[in-house]
Amino acid sequence: MIEFSQVSVTYDGSSRPVLRNVDLVVEEGELCLVAGRTGVGKSTLLGAINGLVPHFTGGRLTGSVEVAGLDTATHPPRELAAVVGVVGQDPLAGFVTDTVEEELAYAMEQLAVAPDVMRKRVEETLDLLGIADLRDRPLRTLSGGQQQRVAIGSVLTAHPSVLVLDEPTSALDPTAAEEVLAAITRLVHDLGTTVVVAEHRMERVAQYADRLLYLPGDGSVVSGQPAEVFAETDVAPPIVELGRLAGWSPLPLSVRDARRLARPLRERLAAKRPNVALGASDAPNATLGASDAPNATLGWSGRVVLNARGVRVRYGGVQAVRGVDLQLNRGEVVALMGRNGSGKSSLLWALQGSGPRSEGTVDVLGADPKTLRSRAAHTRVGLVPQTPADLLYLDSVAAECRQADVESGAPAGTARALLDRLVPGVGDDTNPRDLSEGQRLALVLAVQLAAAPPVVLLDEPTRGLDYPGKRHFATVLADLVADGHAVLLATHDVEFVAAAAHRVVVLAEGEVVADGPTADVVVASPAFAPQVAKILAPEPWLTVDAVAKALA
């Protein structure tokens, strides 16, 4: 169905090809997972499948790419639209209509599908992805996860032979992600659709994959059975890392298969139940639970840095946040979790002061950010939104980093050093708009964290980051909280929460339904439990690192 023959791709101004002499074949009805570090060329590989590379992106492609017998060199993307459906990293950027139903019908209109067939396919897709209640909603009023499902649906209605998905579950809560992946696997098994998925949260997809396409970063692509290829990769889901640690062979890719192998490991760990099983609380933290001595650097004292009471947010007749009480303390990372549309982003904006707040009070170091000028508010509360590119406006990475240092009053090179810790190798002269989604997010994180405000609010901060990038980011957060800062991050990334968060707050319908230590909240939830917790239950282990320390 898809065949690459000696394919190399080199972009203008680049000294080396992103893809180099790639040969691979993807058979009809296969679900292929594309894996690799941020910026190694996964999006380029996907773009070459439907001709966006190089017809739209520019650059030079040598060799040949054939999809369903059509050569992408002689068939531009518009001629491949009926064969290859593509969902990009940013669903909002791909929308062309105003409402959900119109967006689902648009591709079929361009392909001249009969009206009665269009109506039937729209209804089927609404039910397939569980978005029937969003039918008449304006696209810009949807949460990020809801937009992601609509974007996938708009492609599915055209019934393509090949479906290309770039980070399809990155903005979805665990339950919604499972629903989308279940729908995708039905397409593969029932209709023979060929699916190629690039995903950093591989723990969600690996068990469904028939083939793994791994990009090590030197321009090559390693193709093979997932369990075999994962044995040598530098990025792998927690279940694979645990299998490597335990010496399991072949490596399991599903929780069910791992539990069948895990009895000896559980027995070894049964007598070793120290605090290392509690993820982030395993790390020493001098400020958490310490005395309320003044912090000379920040110029404030006391353990509580943010105190919110009765916060409500309304959009017309819709209550997004319903009377939330929340307290953030010095030296802790708090994860804000909940299904898509539960009010997480609305709460973050209300706490930061820029978003609407119908009722309630927010006190940050004795002042309400909503009443302060933007620069003064920024010194107390920093926010990285779901669409971080909105905060980038200069023409190079170096310029953004320099400006961040100036605006935050940080020593020269602070933002650049943070960026290198998150995603090494991003060039100073690179235009931020030419970065991958993960690299762009890392740049915005570096820009915002350079100011190191007492309260840091992050909305889906790990979206687009690979596993090493997340580990680096966790160390950045650890450094912040060690200095007494408070971090509140809204996320669906249960693996990152298990490794980095001290406390979890769960929202549902705009209300707090759970608030407690990470281990207590996530282990008790089938939806939010990380892979290690599921495999080693009933023992309360959350991360591979915690298990490795105990065994050592």
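Quick rundown of the values:
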{"quantity": "Sites Glu28 and Thr475 - FRET efficiency at Förster radius 56 Å, r taken between beta-carbons, to 0.05", "calculated": "0.80"}
{"quantity": "Quarter of Cα convex hull surface for the chain, i.e. mean projection, nm²", "calculated": "24.9 nm²"}
{"quantity": "For the stretch 101-143, projected area of the alpha-carbon convex hull averaged over all directions, nm²", "calculated": "3.1 nm²"}
{"quantity": "Value of Rg to Rh for the stretch 110-201 (Rh from inverse mean 1/r over Cα pairs, i.e. Kirkwood)", "calculated": "0.95"}
{"quantity": "Restraint check, Lys470/Lys549; Lys344/Lys549; Lys42/Lys470; Lys272/Lys534; Lys344/Lys370, Cα-Cα greater than 22 Å", "calculated": "Lys344/Lys549"}
{"quantity": "Relative contact order (%) - the stretch 417-542, alpha-carbon pairs under 8 angstrom, separation at least six", "calculated": "18 percent"}
{"quantity": "Between helix 437-449 and the chain: long-axis angle, C-alpha atoms, 0 to 90°, nearest 10", "calculated": "10 degrees"}
{"quantity": "Long-range HN-HN contacts of Val164 with modeled amide H, under 5 Å", "calculated": "Gly85, Val86, Val87, Val196"}
{"quantity": "Sequence of Met1, Met118, Met108 from largest to smallest accessible area, 1.4 Å probe", "calculated": "Met1, Met118, Met108"}
{"quantity": "Kirkwood Rh and Cα Rg combined as Rg/Rh, the stretch 165-264", "calculated": "0.97"}
{"quantity": "Cα-Cα P(r), the stretch 347-390, percent of pairs per 5 Å interval", "calculated": "5, 23, 34, 23, 11, 4, 0"}
{"quantity": "For the stretch 147-240, share of DSSP beta bridges that run antiparallel, in % to the nearest 5", "calculated": "40 percent"}
{"quantity": "Hz values of 3J(HN,Hα) by residue in the stretch 90-102 - Karplus curve (6.51, -1.76, 1.60), Gly and Pro given as x", "calculated": "10, x, 4, 5, x, 6, 10, 10, 9, 10, 4, 5, 5"}
{"quantity": "Percentage relative contact order, the stretch 196-244, counting C-alpha pairs under 8 Å, at least six apart", "calculated": "31 percent"}
{"quantity": "Coordinate range along principal axes, alpha carbons of the stretch 302-446, Å, largest first", "calculated": "46, 34, 27"}
{"quantity": "Calculated FRET value between Ala132 and Asn431, using beta carbons and R₀ = 41 Å, to 0.05", "calculated": "0.50"}
{"quantity": "For the stretch 390-526: span of alpha carbons on each principal axis (Å, largest first)", "calculated": "47, 29, 27"}
{"quantity": "Bridge type composition, the stretch 369-514 - antiparallel percent by DSSP, nearest 5", "calculated": "25 percent"}
{"quantity": "Charge sum, other residues only, whose C-beta stays under 12 Å from Ser64's C-beta, Lys/Arg counted +1 and Asp/Glu -1", "calculated": "-4"}
{"quantity": "Descending Cα extents along the principal axes, the stretch 455-550, whole Å", "calculated": "35, 35, 27"}
{"quantity": "Hull-based mean projected area of the stretch 6-143, where the convex hull spans the alpha carbons, in square nanometres", "calculated": "10.2 nm²"}
{"quantity": "Share antiparallel - DSSP beta bridges, the chain, percent rounded to 5", "calculated": "50 percent"}
{"quantity": "Relative contact order (%) - the stretch 141-235, alpha-carbon pairs under 8 angstrom, separation at least six", "calculated": "23 percent"}
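The values are calculated or read from the model by the stated rules, or taken from the named source; none is laboratory data. Since the structure is predicted, the reported quantities are computational estimates derived from the model, not experimental observations. Counting neighbours? That spans all protein chains shown, and the Cβs are built from the backbone with ideal geometry, glycine included. Ligands, DNA and RNA are excluded from the accessible area calculation, which covers all protein heavy atoms including side chains. Shrake-Rupley method; radii C 1.70, N 1.55, O 1.52, S 1.80 Å.
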